[in-house]
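Notes follow the structure.
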Amino acid sequence: MGKAEENGDRIGRIMLFAAGFTLAGLAGALGMSPFNELASGARATVGLIREVSSDRPTMLMPIAYPGEQLVTNHKEAMQPGLTLIQGIMPGGNQVRLISADGRELHRWRADFFKIWPDAPEVFGRDPIPATENHYFIQGMHPFADGSLLVSFGQLGTAKLDRCSNLVWRTDRQTHHSITATKDGKFWIPGAISVFDTSEDLFPAGLNAEKLHAMAGDNLSKAFNNSVLLVNAEGIVERELSVLRAVKEAGLENALYTSLQEVPQDPIHLNDIEIVTEPLAAKIEGVEAGDLLLSIREMNMLAIVDDETGELKWEKQGPWLRQHDLDIAPDGKIEIFNNRSKIIGDWVKGSQILAFDPATGKVDVLYPVGSKDNFYTYIMGAHQALPNGNRMITESTAGRVFEVTPAGEIVWDYRLPYDGEVASLFSYAIRVPEDFYQGEDLSCPSRT
């Protein structure tokens, strides 16, 4: 079977599913069984059908900024180094290595169907992408030999060599960030299937089958988010349920609010950081080595024991739908605060915050001035650089830029996907100029 036929077969399966799901959703809208929440499923199906028939990913947003590739480059003020940019760009899901002067030095391709040719057997009842337009990558970790860890959203994690060939893959659901430990292992957000979830974690009136139906094509594996410890060979050594940690901590208010909003995805874990000594010193009962979590659907930062998963500390807001937590040398927590313009016109954009758990004080690190606004309603990343600057990933705008502490933009890279929409930059990091230590990253030409 050719690739076009395979894509057609996948599309046919999704369209059949969509039709049934729409009918169930319409029944819910009328107050009929199975339950009212399925009305939202009917509305979501419209987007699903549109995406199936689209010739590009519908996650992509209209171009927000003029210019292409490097539009600002103040060499004397920027942090020297190479920039790795991950996301959906012309040519599909990939990671590009960009020089300080904006040249593309290398490219890794992240082809789900090449990495998981046996996806139906591996993922079982959970949905798999219909085409290359139906998945995204978010989360990476580079190695000095040119290999790269890449997380495929709600699918799995793969290690690729410098030529994008598979080294190993997880056959467990993973998503979002990849955090390296000192001993060469990795903390990665995961998910426990609803069919493997204990009944005491389900909301009243729901079970695995109902949640699976409600979630549809995208979220059926998101209900019971977990923390995975993955070793250097891709083997999962430990798994801790974040949903259970929140439940057993008695956080009924947080659970109630998130279950009302999106019962299929009440946690949405999007980052894991390893607690440092300076951070632990700020919070009673917390130890270095514990795990700092970003729980998006609850607008929550939480710290859990890295062995037992017990929740030791949590703080909700004032951040909203946050991503990419970083722990500063002084123990403050730096946060990509996405925010939401739905709240009102006074919300002009996203922010980078610094939060001190000892005092509760929150400072806005960026924007500095009223004209420094940037915004991405999903994803987003930031990185404190050695020279005091900060690199910011404005994901849905397909933009990565570097700012000084005073707010001056000294490096600005933008990439349209085509003439109408921007690329999606899910994550970006700056590495030293000598990171690859003279490693030859060249690969045989692709045919």
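The values are calculated or read from the model by the stated rules, or taken from the named source; none is laboratory data. Bear in mind that the values here come from a model prediction, so they are computed numbers and not experimental data. All Cβ positions, even for glycine, are placed from backbone atoms using ideal geometry, and neighbour counts span all protein chains on display.
How many residues does the stretch 120-143 hold that are in a helix (DSSP H, G or I) and touching a residue at least 24 places away in the same chain (Cβ under 8 Å)?
The number of residues fulfilling the criteria is 5.
Among the residues of the stretch 425-435, is there at least one that is of a type in the set (S, T, N, Q), farther than 22 Å from S164 by Cβ and surrounded by 21 or more Cβ atoms within 10 Å (Cβ to Cβ)?
Checked against the condition, which is being of a type in the set (S, T, N, Q), farther than 22 Å from S164 by Cβ and surrounded by 21 or more Cβ atoms within 10 Å (Cβ to Cβ), the stretch 425-435 yields no hits at all.
Being loosely packed, with under 12 Cβ neighbours inside 10 Å and assigned to a loop (DSSP other than H, G, I, E, B) is the filter here; which residues of the stretch 342-357 pass it?
G344, D345, W346
Is one or more of the residues making up the stretch 309-316 over 16 Å from L243 (Cβ atoms) and either without any contact (Cβ under 8 Å) to a residue 40 or more places away in the chain or hydroxyl-bearing (S, T, Y) (or both)?
Yes, because at least one residue in the stretch 309-316 is over 16 Å from L243 (Cβ atoms) and either without any contact (Cβ under 8 Å) to a residue 40 or more places away in the chain or hydroxyl-bearing (S, T, Y) (or both).
Can you name every residue in the stretch 394-427 that is assigned to a strand (DSSP E or B) and either of a type in the set (S, T, N, Q) or outside the structural domain of N338 (by TED's automatic domain parsing) (or both)?
The one that is assigned to a strand (DSSP E or B) and either of a type in the set (S, T, N, Q) or outside the structural domain of N338 (by TED's automatic domain parsing) (or both): S426.
Only residues that are closer than 24 Å to S177 by Cα and touching an Asp or Glu at 6+ places or on another chain (Cβ under 9 Å): list them for the stretch 364-383, please.
Within the stretch 364-383, L365, Y366, F374, Y375, T376, M379, G380, A381, H382, Q383 qualify.
Any chance you could count how many residues in the stretch 144-168 are of a type in the set (K, R), under 20 Å from the mean Cα position of the chain (by Cα) and not in a strand (DSSP E or B)?
0
Which of the numbered conditions does E233 fail, given that it passes all the others? Conditions: (1) touching a Ser or Thr at 6+ places or on another chain (Cβ under 9 Å); (2) under 18 Å from F186 (Cβ atoms).
(1)
Out of M391, M379, I need the residue that is assigned to a loop (DSSP other than H, G, I, E, B) and either touching a residue at least 60 places away in the same chain (Cβ under 8 Å) or out of contact with any strand residue (DSSP E or B) (no Cβ under 8 Å at 6 or more places or on another chain) (or both). Which one?
M379
Among residues belonging to the stretch 125-154 that are at pLDDT below 95 and within 16 Å of I188 (Cβ to Cβ), point out the one that is surrounded by the fewest Cβ atoms within 10 Å (Cβ to Cβ).
Out of the qualifying residues, it is G153.
Could you tell me whether D372 is acidic (D, E) and either assigned to a loop (DSSP other than H, G, I, E, B) or more than 24 Å from V242 (Cα to Cα) (or both)?
When the stated conditions are applied, D372 passes them.
Could you list all residues from the stretch 301-321 that are surrounded by fewer than 21 Cβ atoms within 10 Å (Cβ to Cβ) and under 16 Å from R339 (Cβ atoms)?
Result: Q316, G317, P318, L320, R321.
Out of the residues in the stretch 155-202 that are aliphatic (A, V, I, L, M) and at pLDDT below 95, which is nearest to L269 (Cα to Cα)?
This residue is A191.
Do any residues in the stretch 71-94 that are of a type in the set (D, E, K, R) have Cβ atoms under 8 Å from those of residues that are crowded, with 16+ Cβ neighbours inside 10 Å and not in a strand (DSSP E or B), where the two are at least six apart or on different chains, and which pairs are they?
Matching pairs, first to second residue: K75/A100.
With without any contact (Cβ under 8 Å) to a residue 60 or more places away in the chain, over 15 Å from L292 (Cα atoms), surrounded by 19 or more Cβ atoms within 10 Å (Cβ to Cβ) and assigned by TED's automatic domain parsing to the domain that holds I295 as the only criterion, which of F336, F374 stands out?
Being without any contact (Cβ under 8 Å) to a residue 60 or more places away in the chain, over 15 Å from L292 (Cα atoms), surrounded by 19 or more Cβ atoms within 10 Å (Cβ to Cβ) and assigned by TED's automatic domain parsing to the domain that holds I295 holds for just one of F336, F374, which is F374.
State which residue is nearest to Q154 (Cα to Cα) when the search covers only the stretch 78-124 and only residues that are among the hydrophobic types (A, V, I, L, M, F, W, C) and at pLDDT below 95.
F123
Of T197, T179, which residue is surrounded by fewer than 22 Cβ atoms within 10 Å (Cβ to Cβ), touching a His at 6+ places or on another chain (Cβ under 9 Å) and hydroxyl-bearing (S, T, Y)?
From the options T197, T179, the qualifying one is T179.
Going by what's in this entry, would L240 be described as part of a strand (DSSP E or B) and under 22 Å from F202 (Cα atoms)?
In short, yes.
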